[in-house]
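Here's the structure we're looking at; comments come further down.
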Amino acid sequence: ALVLTANKRLFRYLRDQFDQQMLVQGESVWSTPQIFSYEAWLNRCANDLGNGWRLLNQQQQQCLWEEQIESSSRGTTLELLQLSKTAEKAIQAHRLLNEYGLSLDGQYLTEDQAVFSRWQQHYKDQCRQHDWLDQSDLPRLICSALKKGELEVPKQVLLVGFDQLPPGLSLLMEIIN
């Protein structure tokens, strides 16, 4: 079975417990168990698809958002924003919208929401131009690859430590079941 954990800490704990159990059983060599944090498994699948090079890390995302916010707010009252904190909040909002497959297009927006929408559109445009992937793009990419047979569908998945399933993980479970 593939075991997916809610975080890296739980992954390390389960991996250590497995290793300890093998030692107790007197084993000197054993196969590596299929235990991953959900995020690490998504990244591994992206690498298996040959898309790992496209994935933006957290610092790259932060830099892109900060550049966009700074360039669009220069010379306006928005210039007074705390750039890094504003970028962090924008990234969180973008991630939630992207993970749930939601869009602000065609919606009535307040002035602040309209500004965020312009930042987000520019960010998406940059990602498309350079063929980059945002971390929040991975669940849909991986689920699509599983449906097309580009990746092997796990026979069984065990979820450990999730209080609530992220939208991408819910999609994955639908594909497996």
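The values are calculated or read from the model by the stated rules, or taken from the named source; none is laboratory data. What you are looking at is a predicted structure, and each value in this text was computed from that prediction instead of being measured. When we count neighbours, we look across all protein chains shown, and the Cβ atoms used for this are built from the backbone with ideal geometry, even at glycine. Heads up: the accessible areas ignore ligands, DNA and RNA and are worked out on the full protein's heavy atoms, side chains in. Shrake-Rupley method; radii C 1.70, N 1.55, O 1.52, S 1.80 Å.
Where the alpha-carbon atoms of segment 14-76 are placed on the principal axes, they occupy 69, 24, 15 Å, in descending order. Think of segment 110-177 as having a plus end and a minus end, set by charges on the Cβ of Lys, Arg, Asp and Glu; of Trp132, Phe116, Ile175, Ile175 sits farthest toward the positive end of this dipole. How many percent of Cα pairs in segment 81-129 exceed 16 Å? Distances greater than 16 Å cover 41 percent of the Cα pairs. Based on protein heavy atoms only, segment 13-156 ends up with 65 Å² per residue of surface accessible to a 1.4 Å probe. Diffusion coefficient (Stokes-Einstein, Kirkwood radius over C-alpha pairs, 10 °C, 1.306 mPa s) for segment 111-169: 111 µm²/s, rounded to a whole number. Overall shape of segment 78-177 was characterised from the C-alpha gyration tensor. The equivalent ellipsoid obtained from it has semi-axes of 31, 16, 13 Å, in decreasing order. Calculated mean residue ellipticity, 222 nm, the chain: -18500 deg cm²/dmol, from DSSP H runs (n ≥ 4) at -39500 (n - 2.57) each, averaged per residue and rounded to 500. Once both labels are positioned 7 Å from their Cα atoms along Cα-to-Cβ, the gap between Ala40 and Leu109 label points is 3.8 nm.
Between helix 138-148 and the chain, what is the angle of the helix's C-alpha long axis to the longest principal axis, kept within 0 to 90° and rounded to the nearest 10? Helix 138-148 sits at roughly 60 degrees to that axis. For the pair Trp30 and Lys85, the difference between a 0.36 nm per residue extended length and the Cα-Cα distance amounts to 15.2 nm.
Once the chain from Arg54 to Lys8 is taken as fully extended at 0.36 nm per residue, the excess over their C-alpha distance is 14.3 nm. Note on the chain: with neighbouring protein chains present and a 1.4 Å probe, carbon and sulfur make up 48 percent of its accessible heavy-atom surface.
Annotation: average projected area of segment 32-118 is 7.7 square nanometres, based on the convex hull of Cα atoms across all directions.
Pairwise Cα distances in the chain exceed 29 Å for 35 percent of all pairs.
Dipole check for the chain: with +1 at the C-beta of Lys and Arg, -1 at the C-beta of Asp and Glu, and the Cα centre as origin, the magnitude is about 260 Debye. Looking at segment 86-177, which trypsin sites (Lys or Arg not before Pro) are DSSP coil and have at most 13 other C-beta atoms within 10 Å of their C-beta? Those satisfying the criteria are Lys155.
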